[in-house]
Amino acid sequence: MPVSGVRLNLLGQDRESMEAFFTDLGEPAYRAHQVMKWLYHLGVRDVHCMTNLSKALRTRLADTTEIAVPEAASDQVSADGTRKWLFALEDGNCVETVFIPDGDRGTLCVSSQVGCPLDCAFCVTAQQGFNRNLSAAEIVAQVWLANERLGADTADGLWPGVNDSRLITNVVFMGMGEPLLNVDNVVRATRLLMDDLGFGLSKRRVTLSTAGVVPALDRLASLTDISLAVSLHAVSDELRSRLVPINRKYPIRELLEACRRFIAKDRRRRITFEYIMLAGLNDGDEDARRLARLLRGIPAKINLIPFNPYPGAPYHASPSRRIDEFREVLIAAGLMTITRKPRGQDIDAACGQLAGRVRARVPRRAQAPVVELHA
């Protein structure tokens, strides 16, 4: 039950918590299922429109709950069809969410934190500092709002149904923030993404990307079976510690050992390793050969990411030919390797370009610790 005088946000409540809420009200658990279908299958914002609930219950819900979603401070569309929203949160902070259409596939890139505490050298988000974690409701709201806005643009103007391939088919936690520093709320959100009463996505269509928070990664597999992507970006600790400072705490060897433990829990899993291509820094043939050796024995896919520049960036993107040659070395070593096509660069929506608006930065010594996980 919500604290007296505080409205419960129905958005972001997973099936278990929603059932507990209605049970506490003296209602049968299936009321939770009815409300979730109104929320996630039909996109209803107003409990008074939930016509299979009694008028008395609708009035009670209107008095004690809310369906709170952020407002879109901006809505930009790239020349290639990529769409980026800046969502304004109640506290004045803003986060960015990106939709990437590609044939019959639509990928939504969501944020998990306001800013990011990891300070990766090639990422604009890091330049914004860090303010706080997003709640499960604020994470889910990004998907909910994208569905609402994309559905309004279709020929029928209707909210997309579960498994509707017209719009969002995949969700990736690759926006602002490090998801494993907000793992409790991220996992709650993924449960709604995959629940048939929620957005109904397959576990293979929900991907969490991490820079390598080893303790949280070790426990992630016991909490959810979503897909995993690891931001590697270098083959030596010296360089990776410059690019991804968390490597100083969890170096490459420890990170890859954690990846092997993650895979051991389910041999059907495959980890995507993300590798940003920086001219003259990490893009040589010997780097590719060392990368192949590092990943030996891990069921892996490698995603090569051309660096997306931003004002004042200290790096340059590797030439296309160099990326192709790097990829060929990896393929020859037996590793599935693709080059990510840059999308949305003209609206600063490409990988590493999300900035948002971080209202008040928390000093680095006070930035988010690894969250204690609960099953």
Need the list of aspartates and glutamates near residue 55 for cross-linking: C-alpha distance under 19 angstrom, and skip anything on the same chain fewer than eight residues off. 24, 27, 46, 63, 66
Calculated diffusion of the chain, Stokes-Einstein form, Kirkwood radius summed over Cα pairs, 37 °C and 0.692 mPa s, µm²/s: 152 µm²/s
Structure shown: which of 203/249; 203/265; 84/203; 37/265 lie over 21 Å apart, alpha-carbon to alpha-carbon? 203/249; 84/203; 37/265
What residue among 108, 54, 127 has its Cα farthest toward the positive end of the dipole of region 37-156, where the charges are +1 on Lys, Arg and -1 on Asp, Glu, each on the Cβ? 54
Full-stretch length increase - residue 75, residue 48 - with 0.36 nm per residue and alpha-carbon distance subtracted: 6.8 nm
Of 212, 314, 18, whose Cα points farthest to the positive end of the dipole of the chain (charges on the beta-carbon: +1 Lys, Arg; -1 Asp, Glu; origin at the Cα centre)? 212
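Can you give me the accessible area per residue for region 201-274, using a 1.4 Å probe, in Å²? Provide the component values of the computation, followed by the final result.
Details: 3080 Å² over 74 residues.
On a per-residue basis, 42 Å².
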Might you report the magnitude of the Cβ-based charge dipole of the chain about its Cα centre, with Lys and Arg at +1 and Asp and Glu at -1, to the nearest 20 debye? 880 debye
Most fluctuating residue given options 77, 230, 172, as computed from a GNM of the chain linking Cα atoms under 10 Å: 77
Tell me, what % of the accessible area of the chain is carbon and sulfur with a 1.4 angstrom probe? 49 percent
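The values are calculated or read from the model by the stated rules, or taken from the named source; none is laboratory data. If you're wondering where the values come from, they're calculated on a predicted model, not measured in any experiment. Neighbour counts are summed over all protein chains in view; Cβ atoms, including those assigned to glycine, are modelled from backbone coordinates with ideal geometry. What goes into the accessible areas is simple: the full protein's heavy atoms, side chains included, and nothing from ligands, DNA or RNA. Shrake-Rupley method; radii C 1.70, N 1.55, O 1.52, S 1.80 Å.
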